[in-house]
Amino acid sequence: MKKDVIAIPLLPFTDEEEAALDAKLNAMDGTALGAYAESAKLALGNRALDASWRPRIQLGLTRAEAVIAAQALIPPVVAEPPAPVVVKAAKASKAAKPVVEA
């Protein structure tokens, strides 16, 4: 993997960037958040990652894990199962009696 080449180190997140990150993470569902957290963990384990990226990725990982934990505490909304539909069988019509002529 090619090492990141950045001339100047990245500055920490600004308040606006942190708010945007929080909004983005809150909008994600559980699967996407899990993938985001896993990707951040892999990135932090990468030796080629420039050191100036690490605080940003660590902050994103921390916030993602907090959102995952918060979502786990909220019980999922489960719709009540629909009432069973009872279908009455059609009444068997009386068969016409054969007419016997003598």
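The set of residues in segment 20-54 being more than 19 Å from A72 (Cβ to Cβ), among the small types (G, A, S), surrounded by 14 or more Cβ atoms within 10 Å (Cβ to Cβ) and in contact (Cβ under 8 Å) with a residue 12 or more places away in the chain consists of A43, S52. For segment 1-48, residues that are aromatic (F, W, Y) and modelled with pLDDT of 90 or more total 1. With the condition kept exactly as written, say whether any residue in segment 68-78 is modelled with pLDDT under 90 and of a type in the set (S, T, N, Q). The answer is yes; a qualifying residue exists.
The values are calculated or read from the model by the stated rules, or taken from the named source; none is laboratory data. Just so we're clear, the structure is a prediction, and the values are computed from it rather than from any experiment. FYI the Cβ positions are ideal-geometry reconstructions off the backbone, even for glycines, and counts take in every protein chain you see.
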